[in-house]
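K.L.:
Okay, here's the structure, questions in a sec.
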Amino acid sequence: GVPTLGNQECNVKIGWWKISDKSELVFFLADLLFFPEYLSQRLRAHFVETYNLPSSQIIFAGTHTHSAPGLGFLPWESEHKDYQDKVFEKIKTALPELVKSTKEVKVEQVTVSLPPISVNRRKKLINWRNGLKKRALMMPDQNGPVNNRMKLIRFVSEAKTDWFATYGSHPVFNRNEEISSDYPGLLSQFMIERFDLGEVFCFQGYGGDVRPDYRGKSGLKAFLKSLYQGKEFADYSKEQLEDFCSRISEKMKGEVLDWRPISPTDLEEKESFFEIRSVTGQTSKRLRLRTITVAKELRFFLANTELFSDYEKMLPGEFFPIGCCQGNIGYLPTSKELPWGGYEVVQAALNNGMDSPISNESVKEVEKWFGGLSD
């Protein structure tokens, strides 16, 4: 009875790694638009009570898969807590076996430069007829900011090797209701098969203004659709999704990955909160930015929002970005993108319960905080 945007159910991957004698990390990655706050609260309480694991060592994230259950992403949608309770019970049942298999692992990381397989989806236009008016359309802009780096982490034990991957590219929903938004799941399968891995967790990086560069079909119909929808919306298929994932995995397979070991320290968590206010100041959202330091070379950076790709470019190199964490508040544009408007700036803010777009002052405050991360 849970309404979905397509036809995919909720799948959850759980990883529990012992980084050192004093440090453990548990990751929940759900094929949802974001990880629901209600479900994360239940799981967090269960871990603290049953396994005596501090909540600071638990990370919840969603792949932002657009064909999965909504579960209250928009203010008028139901959270379907009964459904979330069922998911919780299934996870709770699976945890004892996972605990038995938890062993200390070596942690290594690498960054891979990918081919240009993503495209900025905000096309900038200026209307001069009625004075200077800026506007961004949801159409491909090859000159827009795109981060084509994929960051990888591997956890190596005697039994198996698991990988993390984070890549900034927004999954999309095919209007034909095929499961074409689930490139994180398909990419995981490709990597497992081609690298003979135990498991792969593909996290959603910061790509609130970026889409996978799906290759639209040729022909007049596809061309006309691309004019008003953008080429990545025009009749893409499962085969084109596979092509997108194949180009990523083949690039990685063909490279000699220079894995760098990390030297774990005691885990250190820091949280920062911001009131993201509307232009009128009458409504707001609470932004939560969280860092978990595993070593000086590796720090997880978590955000309960869809950050634009420029934010990812602001992060120092030791950060592993994870977006769409619990309680997602929607898009967070940069100050230079606000004047251009468009779906991510205007309509999405209204859809998420704001009475007007996000204020420039709120965004500037966040950008200043990002600027201080390298100090």
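K.L.:
Say we look at the range 274-287 and pick out the residues that are crowded, with 17+ Cβ neighbours inside 10 Å and within 21 Å of Gly371 (Cα to Cα); which of these is farthest from the chain's Cα centre (by Cα)?
P.N.:
So, considering only residues that are crowded, with 17+ Cβ neighbours inside 10 Å and within 21 Å of Gly371 (Cα to Cα), the one farthest from the chain's Cα centre (by Cα) is Arg277.
K.L.:
Sort through Glu297, Glu365, Glu271, Glu344 and tell me the only one that's surrounded by fewer than 20 Cβ atoms within 10 Å (Cβ to Cβ), closer than 30 Å to Leu132 by Cβ and acidic (Asp, Glu).
P.N.:
Only one candidate passes the filter, namely Glu365.
K.L.:
For Gly353, indicate whether it is in contact (Cβ under 8 Å) with a residue 60 or more places away in the chain and more than 30 Å from Arg44 (Cα to Cα).
P.N.:
Judged against the criteria, Gly353 is not a match.
K.L.:
Taking only the range 258-268 into account, find how many residues are touching an Asp or Glu at 6+ places or on another chain (Cβ under 7 Å), open to solvent by less than 80 Å² (accessible area, probe 1.4 Å) and closer than 16 Å to Arg299 by Cβ.
P.N.:
Number of matching residues: 1.
K.L.:
Mind checking which residues of the range 56-71 are within 22 Å of Lys285 (Cα to Cα) and at pLDDT 85 or above?
P.N.:
Once the filter is applied, which keeps residues that are within 22 Å of Lys285 (Cα to Cα) and at pLDDT 85 or above, the range 56-71 yields Ile59, Phe60, Ala61, Gly62, Thr63, His64, Leu71.
K.L.:
Right, here's the next one. Those residues that are among the hydroxyl-bearing types (Ser, Thr, Tyr) and under 13 Å from the mean Cα position of the chain (by Cα), I need them from the range 312-347; list them, please.
P.N.:
Residue satisfying the conditions is Tyr331 alone.
K.L.:
For the range 51-89, give me each residue that is under 24 Å from Ala159 (Cβ atoms) and either touching a Phe, Trp or Tyr at 6+ places or on another chain (Cβ under 7 Å) or free of Cβ contacts under 8 Å to residues at least 24 places away in the same chain (or both).
P.N.:
Leu53, Ile58, Ile59
K.L.:
When you scan the range 182-206, how many residues do you find that are under 14 Å from Ile248 (Cβ atoms) and in a loop (DSSP other than H, G, I, E, B)?
P.N.:
Residues flagged as under 14 Å from Ile248 (Cβ atoms) and in a loop (DSSP other than H, G, I, E, B) within the range 182-206 amount to 1.
K.L.:
Can you pull out the residues in the range 157-171 that are open to solvent by 10 Å² or more (accessible area, probe 1.4 Å) and of a type in the set (A, V, I, L, M)?
P.N.:
Ala159
K.L.:
Please count how many residues of the range 19-58 are assigned to a helix (DSSP H, G or I) and within 21 Å of Pro69 (Cα to Cα).
P.N.:
The number of residues fulfilling the criteria is 7.
K.L.:
While we're looking at this one, here's another question. Could you list, in sequence order, all residues of the range 354-375 that are modelled with pLDDT of 95 or more, assigned to a helix (DSSP H, G or I) and polar (S, T, N, Q)?
P.N.:
Applying the first criterion (modelled with pLDDT of 95 or more) to the range 354-375 yields 354-370.
Keeping just the survivors that are assigned to a helix (DSSP H, G or I) gives 360-370.
Residues satisfying the conditions are Asn360, Ser362.
K.L.:
Just the residues that are surrounded by 15 or more Cβ atoms within 10 Å (Cβ to Cβ) and β-branched (Val, Ile, Thr), please, taken from the range 64-97.
P.N.:
If the condition is that a residue be surrounded by 15 or more Cβ atoms within 10 Å (Cβ to Cβ) and β-branched (Val, Ile, Thr), then Thr65, Val87, Ile91 are the ones that fit.
K.L.:
Residues being β-branched (Val, Ile, Thr) and either without any contact (Cβ under 8 Å) to a residue 24 or more places away in the chain or surrounded by fewer than 23 Cβ atoms within 10 Å (Cβ to Cβ) (or both): count how many of those fall in the range 310-331.
P.N.:
1
K.L.:
Also, I was wondering about something else. I'm checking my understanding of the structure. Among residues of the range 99-114 that are out of contact with any helix residue (DSSP H, G or I) (no Cβ under 8 Å at 6 or more places or on another chain) and open to solvent by 40 Å² or more (accessible area, probe 1.4 Å), which one is nearest to Glu250 (Cα to Cα)?
P.N.:
Filtering first and then ranking leaves Ser113.
K.L.:
Hey, Thr334 hits all of (1) open to solvent by 20 Å² or more (accessible area, probe 1.4 Å); (2) within 18 Å of Leu137 (Cα to Cα) but one; which does it fall short on?
P.N.:
That leaves (1) as the condition not met.
K.L.:
Where residues in the range 28-62 are aromatic (Phe, Trp, Tyr) and open to solvent by 10 Å² or more (accessible area, probe 1.4 Å), which of them is nearest to Leu267 (Cα to Cα)?
P.N.:
So the residue we want is Tyr51.
The values are calculated or read from the model by the stated rules, or taken from the named source; none is laboratory data. These figures come from a predicted structure and were not determined experimentally. Don't worry about glycine lacking a Cβ; one is built from the backbone with ideal geometry, like all the others, and counts go over all protein chains shown. Heads up: the accessible areas ignore ligands, DNA and RNA and are worked out on the full protein's heavy atoms, side chains in. Shrake-Rupley method; radii C 1.70, N 1.55, O 1.52, S 1.80 Å.
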